[in-house]
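The values are calculated or read from the model by the stated rules, or taken from the named source; none is laboratory data. This is a predicted model, so every value here is computed, not measured. For neighbour counting, all protein chains shown are included, and Cβ atoms are generated from backbone atoms with ideal geometry for every residue, glycine included. Calculation scope for accessible area: heavy atoms of the full protein, side chains included, ligands and nucleic acids excluded. Shrake-Rupley method; radii C 1.70, N 1.55, O 1.52, S 1.80 Å.
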Amino acid sequence: MEAAFYPGSFDPITYGHLNIIERAQTIFSRITVLVAVNTFKKPLFSPQENVEMIRQTTRRWSRVEVDFTEGLLIEYARENNIRTAVRGLRAVTDFENEFSMALTNRNMWSEFDTVFLMTSSEYMYLSSSVVRQIAQMGGEVGQFVPACVEQKLKEKFG
Ligand code: ADP
């Protein structure tokens, strides 16, 4: 079993992400959840805040680590000698983007591969952007995110 990393924005982490992490840590020897700063998206939380929320909510899994990068994923992978990325797939709409990202990464490093885990059906329509929108409008997000994340969202929009 190799080590793998799970890159994403995680802005903020949701039960959908946590479901993927829980399953991935039974497959791989180590999972590094990597908060990747996406220059095309304007984040709600800083990378440090997102890292901290992920640390708090993944503490029970000893094989899970958390890190962040402002650079290219593939550079992080090379530097840390991790050849596998895990990504989650929700609807067909995720496919096109994920497919091109996986191929681009493998073009940059031929030994690199991306492994996809299908979402659990209850999280099919759950995304960080939906959570941000609901929280911004003062809605209840307790069924989508852990309590510490709900609290941070309240502080942000309160
Ligand atoms: P988003 O901003 O679209 O929520 P992220 O960049 O934070 O996505 O997501 C990182 C990875 O987690 C992506 O592969 C994404 O498809 C996956 N993911 C996000 N939400 C879910 C979910 N509810 N179920 C399964 N995978 C998910």
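Check whether at least one residue in the stretch 50-60 is closer than 27 Å to E155 by Cα, of a type in the set (D, E), in a helix (DSSP H, G or I) and touching a strand residue (DSSP E or B) at 6+ places or on another chain (Cβ under 9 Å), and report yes or no. Checked the stretch 50-60: at least one residue is closer than 27 Å to E155 by Cα, of a type in the set (D, E), in a helix (DSSP H, G or I) and touching a strand residue (DSSP E or B) at 6+ places or on another chain (Cβ under 9 Å). Among the residues of the stretch 89-147, those identified as β-branched (V, I, T) and farther than 15 Å from I20 by Cβ are V92, T93, T104, V130, V131, I134, V141. Pairing residues of the stretch 82-93 that are touching a residue at least 24 places away in the same chain (Cβ under 8 Å) with residues that are open to solvent by 20 Å² or more (accessible area, probe 1.4 Å) and part of a loop (DSSP other than H, G, I, E, B), at Cβ distances under 6 Å and at least 6 apart in sequence or on separate chains, gives R83/E111; T84/E2; G88/T119; R90/T119; R90/M124. Restricting the stretch 23-40 to residues that are in contact with a Leu (Cβ under 9 Å, 6 or more places away or on another chain) and under 15 Å from I13 (Cα atoms) leaves a set whose member that is most open to solvent (accessible area, probe 1.4 Å) is A36. Exactly one residue out of R60, R106, R78, R55 is open to solvent by 80 Å² or more (accessible area, probe 1.4 Å) and either touching a residue at least 24 places away in the same chain (Cβ under 8 Å) or in contact with a Gly (Cβ under 7 Å, 6 or more places away or on another chain) (or both), and it is R78.
Per-residue answers, yes or no, for (1) within 9 Å of the ligand (Cβ to nearest atom); (2) surrounded by 15 or more Cβ atoms within 10 Å (Cβ to Cβ):
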| site | (1), (2) |
| --- | --- |
| T84 | no, yes |
| R87 | yes, yes |
| F95 | no, no |
| F116 | yes, yes |
| Y125 | yes, no |
| Q136 | no, no |
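Within the stretch 1-53, restricting attention to residues that are within 12 Å of the ligand (Cβ to nearest atom) and hydroxyl-bearing (S, T, Y), the residue that is farthest from D67 (Cα to Cα) is Y15. What residue, among those in the stretch 1-22 that are of a type in the set (D, E) and modelled with pLDDT of 95 or more, is most open to solvent (accessible area, probe 1.4 Å)? Going through the qualifying residues, I end up with E22.
Taking F68 as the residue in question, decide whether it is in a loop (DSSP other than H, G, I, E, B), within 15 Å of the ligand (Cβ to nearest atom) and of a type in the set (F, W, Y). When the stated conditions are applied, F68 does not pass them. In the stretch 4-20, the residues that are among the hydroxyl-bearing types (S, T, Y) reach residues that are within 7 Å of the ligand (Cβ to nearest atom) and in a strand (DSSP E or B) with C-beta atoms within less than 8 angstrom, at least six apart or across chains, in these pairs: Y6/R87.
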